[in-house]
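See below for the structure under consideration.
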Amino acid sequence: MKSKKVRILNLEDEAADCEIIETVLTKGDISCDIHRVDTRDEFLAAIEKERFDLILADYLLPGFDGLLALKLAQDKCPEVPFIFVSGTLGEEVAINAIKMGATDYVLKDRLSRLASAVGRAIEEAELTRERRVHLWLLKNLDVFDRALKRSQNLDVMVQNALQTVLDMYDCDRAFLLHPVDVDSATWSIPYEATKPAYPGVTRNFSAPVTPTIRNRYRQILSLSSPLSEKLDPSHTDWDPNDRFNVLSLITLAVYPKVGKPWMLGLHQCSHSRDWTDEEKRLLTEIGRRLGDALGSTLILRDLRERERRLDSIFRATPIGIGVIENCHIVQINDGVCELIGRVEDELIKEPLRCLFTNDEEYERVESIMKQQIETKGKCTVETSWHHRDGSTREVLFSATHLDPEEPQKGLSFAVLDVSARNQAAREKQRSAAVTDTIARATTIFLEKGHLESIAKILLNGAVRLLKAESGYFAECVNGGFKCLAAAPQKSFQNLKGLPFLNDIREALAQGEVLSRQVDTGDDRSYLLVVPMVSGGAQLGALVLRRRDCCFAIRHHKEAATFANTALLAIQMQRTELKKKEAEDNFRQSQKMQAIGLLAGGIAHDFNNLLTGIQGYADLVLLELAEDSPYCDCLTQIVKASKRASSLTK
């Protein structure tokens, strides 16, 4: 007991008895401070103005008695133990006093037991006080907890909590300040509860963090218990309190699980107030629970906001997304419904198998999915789903566990329609195949100039790409048809007697691709005839045939590409032939012109020679007599030279 001095109010009219009591207690190892009174007024003033740990009272005093003092003590300070110390207290009176609320009684002639009685009374009073405080704390915390649980809405929850604290402490203002951060530029009070006579701030109120406030933040954050103060109305140290005319305040840092710290504060503006240890203890526990509630509510609010965002993304994304549990569909978005042409209600709780084109395809995907998820944690595989209209959709299917730690919770999946992409890829491959075939054929044709070679390459490419069973290139020659190439390879020197000639003539006459079903005798076949016409000239046709199904529109375009290439080759060859024929004719005319020039020169020279012969013969005839035997010979020479001269003209 020496560690704590016990303050004792002694109702005693004899000062000597009071000194004896003090001596006995001191010897009993009880450090005490005794305040003696001997009248009713002094006793009443003492218990009203001061706080005592124990009351010792004599039973009989002049003008006053112990039982009346006991009643006054029970009214003013019922928690303080009351012990009668008297020399005239009978057994019956003592029992009656105990029944009225006295803690114990000690006879003055037996003061040896006073120390133990006082020690026991103080211990019992302390236990009673602790029990009372504990019950008070539990009661108030229960009220506060119920206030927190009234709503999960952050604003409503905090407002309920602050109003409860305001009523609990009977103060003038309860508030939450945020953020309690020394690096923050501003502070605000987003939540508060006030009495009507002491209004607070507007909801959007914000003020700068001054050096004074920053230092106060550091002080509050360094403490684990509330900071209480009494303020001078004329002070200028604590800016917020200047604004709110605060006389007493108590503040505490509140630490939610997320975000910056908050500050819970109480203002007493109507009068100055001493905040008790019990009130500080209660506020500490309130701050802890409020921090937990704030953190949980903020996390829940963030989770709900994220959930709303994810749900919005889930609903808005054009990609199909869903959740599978035990191989059954439990959730899907509109992307899945649009992909297969069905509504959500038709698919929920249905097995995943129902989306696939057949059981074999589902089992293939399931096997790949299990293997990839076990090794990589996720699966991506291309497969096919069937649409309500009976068509097939090629899809890219990806799946992973909702929770890798608990695979039994199911899978989330995403599905993307890749039909158009795959079709474009196939078209690209087909286009590349057509381009490659034409390039090879063109190269060979340019190198060798053989029309049959390019026709053969083009025909084989067309048969392979369009999956035809047979086909040939026919060239129009002199009103008939000449086979340039055939597949399978055959020798067609004359196409007169073979089928489809009428179809070729019809296509050439119309100048359009002809696609129809024809009867070949043993079975029905599908025929595709692509005419090769240029400038009204009918140059030939590409003929393809197959049995399984008709040729699609895209087949018409691809076949026309092959036919146009062959057409260009035929045109080039015919142009080349015409050019060669023109060159041959030109060379022949050059030869004839040269021969003419040579013959003209020879004729001129020969005519000059004949002129001399004729002239000299005429001169000799003039000199000879008419009866000269040489006249006939010379006459014949002149005639012969004239005839020879006429040949050169």
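The values are calculated or read from the model by the stated rules, or taken from the named source; none is laboratory data. Note that the structure is a prediction, hence the values are computed from the model and not measured. Glycine also receives a Cβ, built like all others from the backbone with ideal geometry; neighbour counts cover every protein chain displayed. Areas reflect the complete protein model, heavy atoms only, side chains present, ligands, DNA and RNA absent. Shrake-Rupley method; radii C 1.70, N 1.55, O 1.52, S 1.80 Å.
Just a few scattered comments:
- Summed over the stretch 389-441, residues that are open to solvent by less than 50 Å² (accessible area, probe 1.4 Å), in contact with a Lys or Arg (Cβ under 9 Å, 6 or more places away or on another chain) and in a helix (DSSP H, G or I) total 5.
- Those helices (runs of 4 or more DSSP H) lying entirely in the stretch 272-381 with at least 3 residues polar (S, T, N, Q): 277-316, 359-376
- Neighbours by Cβ (under 9 Å, 6+ apart or cross-chain): first from the stretch 538-567, buried (at least 20 other Cβ atoms within 10 Å of the Cβ) and at pLDDT 85 or above; second assigned to a loop (DSSP other than H, G, I, E, B) and among the acidic types (Asp, Glu): Leu544/Glu469; Arg545/Glu469
- Residues satisfying the stated conditions in the stretch 1-43, i.e. part of a helix (DSSP H, G or I), under 16 Å from Gly87 (Cβ atoms) and among the acidic types (Asp, Glu): Asp17, Glu19
- Residue within the stretch 44-52 that is under 17 Å from Cys77 (Cα atoms), open to solvent by less than 40 Å² (accessible area, probe 1.4 Å) and in a loop (DSSP other than H, G, I, E, B) present: yes
- The one condition from (1) open to solvent by 40 Å² or more (accessible area, probe 1.4 Å); (2) polar (S, T, N, Q); (3) touching a helix residue (DSSP H, G or I) at 6+ places or on another chain (Cβ under 8 Å) that Thr23 does not meet is (3).
- Of the criteria (1) farther than 24 Å from Arg301 by Cβ; (2) modelled with pLDDT under 90; (3) open to solvent by 60 Å² or more (accessible area, probe 1.4 Å), which one Arg203 fails: (1)
- Selection status of Glu361, open to solvent by 20 Å² or more (accessible area, probe 1.4 Å), in contact with a Ser or Thr (Cβ under 8 Å, 6 or more places away or on another chain), charged (D, E, K, R) and at pLDDT 90 or above: yes
- Among the residues of the stretch 256-271, those that are touching a residue at least 40 places away in the same chain (Cβ under 8 Å), part of a loop (DSSP other than H, G, I, E, B) and either out of contact with any Lys or Arg (no Cβ under 8 Å at 6 or more places or on another chain) or of a type in the set (D, E, K, R) (or both) comprise Pro256, Lys257, Val258, Gly259, Lys260, Pro261, Ser270.
- Residue check for Leu396: in contact with a strand residue (DSSP E or B) (Cβ under 7 Å, 6 or more places away or on another chain) and free of Cβ contacts under 8 Å to residues at least 40 places away in the same chain: yes
- Criterion: of a type in the set (S, T, N, Q) and either within 50 Å of the chain's Cα centre (by Cα) or under 30 Å from Glu576 (Cα atoms) (or both) - qualifying residue of Ser470, Ser412: Ser412
- When Trp385 is tested against the conditions (1) part of a helix (DSSP H, G or I); (2) in contact with a helix residue (DSSP H, G or I) (Cβ under 6 Å, 6 or more places away or on another chain), the lone failure is (1).
- Some residue of the stretch 166-178 being at pLDDT 90 or above, open to solvent by 80 Å² or more (accessible area, probe 1.4 Å) and either in a loop (DSSP other than H, G, I, E, B) or not hydrophobic (A, V, I, L, M, F, W, C) (or both): yes
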